[in-house]
Amino acid sequence: DAKTTQPNSMESNEEEPVHLPCNHSTISGTDYIHWYRQLPSQGPEYVIHGLTSNVNNRMASLAIAEDRKSSTLILHRATLRDAAVYYCILGDLYGNKLVFGAGTILRVKS
Amino acid sequence: DTGVSQNPRHKITKRGQNVTFRCDPISEHNRLYWYRQTLGQGPEFLTYFQNEAQLEKSRLLSDRFSAERPKGSFSTLEIQRTEQGDSAMYLCASSPWPAGGQYFGPGTRLTVT
């Protein structure tokens, strides 16, 4: 399984943008980049996924480097509810059999 | 639709006992996954089903672990002769394959004393 590298933790102020980086230098041409997050005491939840082009949805934006060796999850205005562990995962289009790393713990300060 | 549900939410058992967990997926989701998560780590894949067929099992799933999805709806995960190392959160997820995304339940926290 292709591996991703994320910072252990990051901190943000409430209502400011947050950029969560992910390195995936061994990504294959068919690997999609999936992001999930896990709020305290809950199961993970889907955030966003993409292949080559940048993607936007109501939760976040995903910026993918041109060489696809890295990507950044962007939360446009962090809220206290966004405090969670964020996982960057490589997989097929459908996110089958996810292989989670340790993720990035995001702390949001009020 | 109430999402993926798991029961029980918490289970404390003594070493050597058998335990069984249940997962009810989102209705009409044909794929169902089991993961295990220990403190400070991301979830680890254990096994998954498409309808009632178990398509893959991780090497983490020792002979003491067995999972079933008899009618392609709910699933059970049984651990026989529990060990302290089995203490973890057991997560279930379902997906409407081939549509994307996995929807996770809240998990069952197992403590083996």
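FYI, it's all coordinate maths here, none of it is from the lab. Fair warning: this is a prediction, and the values are worked out from it, not measured in the lab. Methodologically, a virtual Cβ is constructed for each residue, glycine included, from the backbone with ideal geometry; neighbour enumeration extends over all protein chains shown.
At a glance:
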read-out: Nearest-20 debye value, chain B charge dipole, Cβ charges on Lys, Arg, Asp, Glu; value: 380
read-out: ³J(HN,Hα) computed for each position of the range A:94-110 - Karplus, 6.51 cos²θ - 1.76 cosθ + 1.60, integer Hz, glycine/proline x; value: 8, x, 7, 6, 5, 10, 7, x, 7, x, 10, 7, 9, 9, 10, 9, 8
read-out: Gap separating the Cα centres of the range B:76-91 and the range A:54-97, nearest whole Å; value: 31
read-out: Cα-centred dipole magnitude for chain A, charges only on beta-carbon of K, R (+1) and D, E (-1), debye, nearest 20; value: 140
read-out: DSSP beta bridges in chain B [antiparallel fraction, %, rounded to 5]; value: 90
read-out: Compactness relative to 2.2 N^0.38 Å, alpha carbon Rg of the range A:15-81; value: 1.14
read-out: Trypsin sites (Lys or Arg not before Pro) lying in DSSP loop within the range B:10-113, provided at most 15 other Cβ fall within 10 Å; value: B:LYS14, B:ARG15, B:ARG59, B:ARG64, B:LYS71, B:ARG81
read-out: Taking B:THR38, B:THR47, A:THR72, B:THR2 and counting other C-beta atoms within 10 Å, the order from fewest to most; value: B:THR2, B:THR38, A:THR72, B:THR47
read-out: Cα-centre dipole for the protein assembly as shown with unit charges at Cβ (Lys and Arg positive, Asp and Glu negative), debye to 20; value: 640
read-out: Residue-wise HN-Hα coupling along the range B:10-23, computed from phi with Karplus coefficients 6.51, -1.76, 1.60 (Hz; x: Gly, Pro); value: 9, 9, 10, 9, 8, 3, x, 7, 9, 9, 9, 10, 10, 10
read-out: Of A:LYS109/B:LYS11; A:LYS69/A:LYS109; A:LYS3/B:LYS57; A:LYS97/B:LYS71, those spanning more than 24 Å from alpha-carbon to alpha-carbon; value: A:LYS109/B:LYS11; A:LYS69/A:LYS109
read-out: Selected from B:GLY100, B:GLY16, B:GLY72 as most flexible by GNM, with chain B as the system and alpha-carbon contacts under 10 Å; value: B:GLY100
read-out: Of the GluC sites (Glu not before Pro) in the range B:46-77, those whose Cβ has at most 15 other Cβ within 10 Å and which sit in DSSP loop; value: B:GLU52
